[in-house]
Amino acid sequence: MTSVEILAPLRLETRFVPPSLRTDGVNEWMLRLRVYPDEFSIRRSAAPPTPDELDRLTEVVSRMSAVPPLSEADAFASFASTAGAGRAHWLWRAHVVADGFGGLTVDRTGEAAHVPFSVHGPAGLPEQLQVWFIHTNGTRQLAATLAVKVVEIGKDLDLGMFDDEATLSAGELPHTWWLWYQRAKDVGLGVDLDIGLVPPSLDALVVMGIGETDAADLVDAHNTTGRMAVLAPGTPTNTVAGEPTTHTAEP
């Protein structure tokens, strides 16, 4: 194995529609499925450091040369308490440099008072997503294959569309895939499935796909934008039945 393999999560929403509520005349139950890519699959650009952030960073770095000196770990912890761990890690790595005299200083290159938020589009989505039914009798059924339009999904992520005040007037919102179900279907993140006169008994509904994005590149993209930080050992990162997946050692 020559690359890092990562299973990127998706959030699913489902709605079962009985025949009596359908408007298309089909006398079957319908399953409406909507897929939301996790934030991990969305590349973002790093906002440049603000003057306030670099002022605070300069303050804690200078305390490392004070008498008595503040340790680097304590200096970083102090900065992270105000900037956030991920942002602090990125700013420290990008702007704390050697001063040429055996100490550290802050490089203020690129600081800006304000830069609009922006994204770089999806990076971890496959071109196809398969929808599988796992029946209670153990059989598996491929219910649908969604053609994911990655470019169109990325276009909706351009938040510049919100600059047009006319689109927000009278309660009107842009028809993005996360706000409008029809748009979700158009870009391959939603589907209506006819599932029979009686809804099937399912143990699970699984949506999966294999992408071609190198996981190492995607992780590095998040790392360079300050969106990653080290978690304390034992911190639960997902849930089971709504509860944190904490682990208790056997006696």
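The values are calculated or read from the model by the stated rules, or taken from the named source; none is laboratory data. Not measured: the values here are computed from a predicted model. All Cβ positions, even for glycine, are placed from backbone atoms using ideal geometry, and neighbour counts span all protein chains on display.
Considering only segment 91-101, I want to know if a residue exists there that is within 30 Å of Lys155 (Cβ to Cβ) and either surrounded by 14 or more Cβ atoms within 10 Å (Cβ to Cβ) or at pLDDT 90 or above (or both). Within segment 91-101, one or more residues are within 30 Å of Lys155 (Cβ to Cβ) and either surrounded by 14 or more Cβ atoms within 10 Å (Cβ to Cβ) or at pLDDT 90 or above (or both). One residue is enough: does segment 159-167 have a residue meeting the conditions part of a loop (DSSP other than H, G, I, E, B), over 30 Å from Trp29 (Cβ atoms) and either modelled with pLDDT under 85 or among the small types (Gly, Ala, Ser) (or both)? Yes, segment 159-167 has at least one match. Against the list (1) in contact with a Phe, Trp or Tyr (Cβ under 8 Å, 6 or more places away or on another chain); (2) modelled with pLDDT of 90 or more, the condition Ser201 fails is (1).
Does segment 208-231 include one or more residues that are in the same structural domain as Arg32 (by TED's automatic domain parsing) and assigned to a strand (DSSP E or B)? Yes, because at least one residue in segment 208-231 is in the same structural domain as Arg32 (by TED's automatic domain parsing) and assigned to a strand (DSSP E or B).
Screening Val219, Val191, Val230, Val240 for residues that are among the β-branched types (Val, Ile, Thr) and modelled with pLDDT of 90 or more leaves exactly one candidate, Val191. Evaluate segment 20-40: report whether one residue or more is assigned by TED's automatic domain parsing to the domain that holds Val198, in contact with a helix residue (DSSP H, G or I) (Cβ under 9 Å, 6 or more places away or on another chain), buried (at least 16 other Cβ atoms within 10 Å of the Cβ) and of a type in the set (A, V, I, L, M). Scanning segment 20-40, I find at least one residue that is assigned by TED's automatic domain parsing to the domain that holds Val198, in contact with a helix residue (DSSP H, G or I) (Cβ under 9 Å, 6 or more places away or on another chain), buried (at least 16 other Cβ atoms within 10 Å of the Cβ) and of a type in the set (A, V, I, L, M), so the answer is yes.
Highlighted here are the strands (runs of 3 or more DSSP E) found entirely within segment 8-68 that include at least 2 residues which are free of Cβ contacts under 8 Å to residues at least 24 places away in the same chain: 10-17. I need a count of the residues in segment 6-43 that are among the aliphatic types (A, V, I, L, M) and at pLDDT below 90. Number of matching residues: 5.
Residues of segment 69-79 that are hydrophobic (A, V, I, L, M, F, W, C) and either without any contact (Cβ under 8 Å) to a residue 12 or more places away in the chain or not in a helix (DSSP H, G or I) (or both): Leu70, Ala73, Ala77. For segment 186-200, a tally of residues being closer than 30 Å to Gly154 by Cβ, not in a strand (DSSP E or B) and not aliphatic (A, V, I, L, M) returns 2. Filtering segment 75-84 to residues that are surrounded by fewer than 17 Cβ atoms within 10 Å (Cβ to Cβ) and hydrophobic (A, V, I, L, M, F, W, C) leaves only Ala77.
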